[in-house]
Amino acid sequence: MDIKKIFKAVNHKNRVAKLCFMILGVFILALNYNLFLVKNEIVIGGVSGLAIVFNSLWGWNNQIFIYVVSFLLLIVSFILFGFKKSTPAILGTVLYPVMITFTHPLAEMLSEYFLFEDFITTIAFTSIIYGIASGLVYKMGYNTGGSDIVMQIMCKYLHMPEGKATFISNLVVVLFAGAVLGVNKVVYAIIILYVSSLIVDKMLIGISKSKLFIIQSNKLSELESAIIDDLKLGVTVLQAKGGYSNKKQDMLLCVVPTNDYSLFKEIILTIDKDAFLIVNDCYDIEGGTIRTKGYSLDNIVRDI
């Protein structure tokens, strides 16, 4: 198996479409920055967040600061990681500052239409837009450079996982902003980061439309028969062995539509009240039996 060839094929698949969606995502990020974050001095981390702090302290121009620091970080990346590993960061590092400049007049024009009486509406808008835009960029396999380069440096030299490095770098910026702009700004930033991270997760892995059941029972044959013959669902028999008892026993694996979760669970526990169930969200299913449109476990049960 030529994994490099496969990786290259995957990487080039729908490349133009991915690039267009990435540009759209960066455009929305930049517009959100000018329209909500700068106007309200809310810092959610990164180089653009530091720009807001230094603008408040000494009046430094936000856009110039982002250009200078982003390009300096890109140079550092080339020095520490080399050209090949730094190449993916070039597009985001160049495009994001350019989009901030490009969307600035548009944000000025739109600002009067996004003035809300309660600040929580502003926070909600910012969180949703930031989450959707970030999700678009990440889903297409890109990033916006800047703080992502800082994260890579921390990973390499402080031996941190990516998630922890990103959290710490953003936390330092947010706390610094809180010391300058006020504690309430930290609270707003935390809300935005939390809500937007949920949206990014949903965009990357999707919304769970099914539940994955793993069932251990002494009445496995009855359950298997009920699932296949009566409930018209597919099931897989897994061979398992107890870690403590070393006893071999089969288990059932079954995917159930989310709206049928409660009914399916009650049916299983009615057949065997001592059944051991493990239930997880199932985000994606490829292949297997495709249910007809309008399939419902409730309708199947009513017809029995």
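Worth a mention:
- Close pairs (7 angstrom Cβ cut-off, 6 or more residues apart or separate chains): under 17 Å from Phe21 (Cα atoms) in the stretch 191-211, open to solvent by 80 Å² or more (accessible area, probe 1.4 Å) and outside any loop (DSSP other than H, G, I, E, B) anywhere: Ile199/Ile128; Val200/Tyr138; Met203/Lys139; Leu204/Tyr138; Leu204/Lys139
- The number of residues in the stretch 210-246 being in a loop (DSSP other than H, G, I, E, B), on the phi < 0 side of the Ramachandran plot, open to solvent by 70 Å² or more (accessible area, probe 1.4 Å) and not aromatic (Phe, Trp, Tyr) comes to 4.
- Within the stretch 260-270, not a single residue is in a loop (DSSP other than H, G, I, E, B) and either open to solvent by 60 Å² or more (accessible area, probe 1.4 Å) or of a type outside the set (Phe, Trp, Tyr) (or both).
- Looking at Leu29, Leu24, just one residue is of a type outside the set (Asp, Glu), open to solvent by 50 Å² or more (accessible area, probe 1.4 Å) and either under 26 Å from the mean Cα position of the chain (by Cα) or closer than 22 Å to Gly131 by Cβ (or both), and that residue is Leu24.
- Inter-residue pairs, beta-carbon under 6 Å, first farther than 15 Å from Ser147 by Cα and in contact (Cβ under 8 Å) with a residue 12 or more places away in the chain and in the stretch 61-85, second surrounded by 12 or more Cβ atoms within 10 Å (Cβ to Cβ) and among the hydroxyl-bearing types (Ser, Thr, Tyr), 6+ apart: Gln63/Thr101
- Condition met for Asn55 (in a helix (DSSP H, G or I), open to solvent by 50 Å² or more (accessible area, probe 1.4 Å) and within 30 Å of Ile120 (Cα to Cα)): yes
- Complete set of residues in the stretch 87-123 that are open to solvent by less than 50 Å² (accessible area, probe 1.4 Å), free of Cβ contacts under 8 Å to residues at least 40 places away in the same chain and under 25 Å from Ile191 (Cβ atoms): Thr121
The values are calculated or read from the model by the stated rules, or taken from the named source; none is laboratory data. What you are looking at is a predicted structure, and each value in this text was computed from that prediction instead of being measured. Counting neighbours? That spans all protein chains shown, and the Cβs are built from the backbone with ideal geometry, glycine included. Each accessible area value is taken on the protein alone, full model and side chains, heavy atoms only, with ligands, DNA and RNA left out. Shrake-Rupley method; radii C 1.70, N 1.55, O 1.52, S 1.80 Å.
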